[in-house]
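In what follows, a single structure is set out as structure tokens and then discussed.
Each value in this text was obtained by applying a stated rule to the coordinates, not by laboratory testing. For clarity, every value in this text was computed on a predicted model and none was experimentally measured. Positions of Cβ are backbone-derived with ideal geometry, glycine not excepted, and every protein chain shown enters the neighbour counts.
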Amino acid sequence: MSGIECRQVGILAAKELRERLRNRWVLTVAAVFAVFSLVICYFGGAEQGALGPHSIEFVITSLVSLVIYLIPLIALLLGFDAIVGERERGTLDLLLALPITRLELLLGKFLGLAAALALSTLAGFALMVALLWRQFGRVGLVQSAGFVLSSILLGLVFLSLTLCVSVLSRERTRASGLAIALWFGFVLVFDLLLLGLLVASGGAVGGPALAYLLLLNPTDMFRILNMFSLDQLRGFQGLVSIVPPALGNPWAIGGAMLAWIAAPLALAAWRFRS
């Protein structure tokens with residue numbers, strides 16, 4: 001990348017990661033994920049009188065619902081004050097007085113926070129992956145590993161969004177308010193608006209048109225990505241009837257999520273440098 005010293009970016013990223021490790025943020029988040037995932041694996045089928053994972057589909061579906069609520073919130077809380085917090089504390093000018101550019105600082109912040117988020121997610125779900133691998137063999141390993149990787153992607157999308165919010169905000173309180181508003185908008189409100197649009201149009205807005213609107217919400221893309229990776233869940237969730245085959249391709253959805261990571265980060269870089 002022209003004009004960017006990777007060594008400087010790496011130093012800044014390592015500093016961010018060390019701070020998160022020092023204040024036990026990574027350990028806390030990993031513990032939360034580990035507890036919830038193991039509870040779902042072991043006790044999810046208790047109402048049928050059985051303990052332990054008896055269905056990959058059930059475990060992944062339950063974990064998808066959990067991740068959609070938790071990971072975006074954790075990512076938003078992790079990064080909302082990454083830039084505006086430094087500005088309020090008066091340390092931003094000190095950092096910029098060092099031989100680094102604004103873009104290097106922003107990328108270092110993002111990569112360090114991304115490493116902390118990815119590490120906590122991997123550590124938190126490691127036992128669940130091992131359990132499904134032991135129970136279902138290679139299929140369990142592949143499905144659970146794909147779920148974990150897509151969870152990290154979802155977290156990086158919201159980390160990119162909140163870093164953009166942090167750059168655009170002048171006050172920490174405003175940044176935190178916007179971060180929570182993003183969470184409500186994408187996790188709770190968006191699907192209700194789509195449902196209202198579908199009802200108000202008398203079903204005219206549906207089928208492929210509705211499916212492509214789901215690309216405007218990374219949590220819906222995460223749901224589609226994981227549901228379409230499990231053949232038995234496609235019909236059960238009704239996804240085949242509304243999602244065209246092109247969007248059912250994991251590579252297409254994965255590419256769309258990468259675009260969701262790149263776009264807010266590019267906007268943040270442009271605004272921060274100007």
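Against the set [x] 61, 47, 35; [y] 64, 60, 41; [z] 65, 48, 31, the structure's computed Cα extents along the principal axes in Å falls on [x].
Where does helix 6-22 land angle-wise versus the long Cα axis of the chain, in degrees 0 to 90, nearest 10? Roughly 70 degrees between the two axes. For R174 and C6, the difference between the fully extended length at 0.36 nm per residue and the C-alpha to C-alpha distance is 57.3 nm. Computed 3J(HN,Hα) for the stretch 122-138, one whole-Hz value per residue from the Karplus formula 6.51 cos²θ - 1.76 cosθ + 1.60 where θ = phi - 60°, is 4, 5, x, 9, 4, 5, 4, 4, 4, 5, 5, 4, 5, 7, 10, x, 4, glycine and proline marked x. Loop-located trypsin sites (Lys or Arg not before Pro) in the stretch 89-187 (DSSP state not H, G, I, E or B) with no more than 10 neighbouring Cβ atoms inside 10 Å: R170.
In the chain, the longest principal axis of the Cα atoms and the axis of helix 172-183 are about 20 degrees apart. In terms of the mean number of neighbouring beta-carbon atoms within 10 Å, the peptides 250-262, 187-199 order highest first as 250-262, 187-199. Extension gain for A14 to L96 (0.36 nm times residue separation, less C-alpha to C-alpha distance): 27.8 nm. Pick from L225, L94, L77 the residue whose mean-square fluctuation is largest in a GNM of the chain, springs joining Cα atoms under 10 Å. Most flexible of the set in this elastic network: L94. Listed values for the stretch 267-273 are Karplus-derived 3J(HN,Hα) couplings in whole Hz (6.51 cos²θ - 1.76 cosθ + 1.60, θ = phi - 60°), namely 5, 4, 5, 4, 5, 5, 6, and x replaces Gly and Pro. Per-residue Karplus couplings for the stretch 57-66, computed as 6.51 cos²θ - 1.76 cosθ + 1.60 with θ equal to phi - 60°, are listed in order as 4, 5, 4, 5, 4, 5, 5, 4, 4, 5 Hz, Gly and Pro entered as x.
Taking label points 7 Å from Cα along the Cα-to-Cβ direction, A266 and Y212 give a separation of 2.0 nm.
Normalise the Cα radius of gyration of the stretch 1-159 by 2.2 N^0.38 Å (N = residues in it) and let me know the number.
1.24
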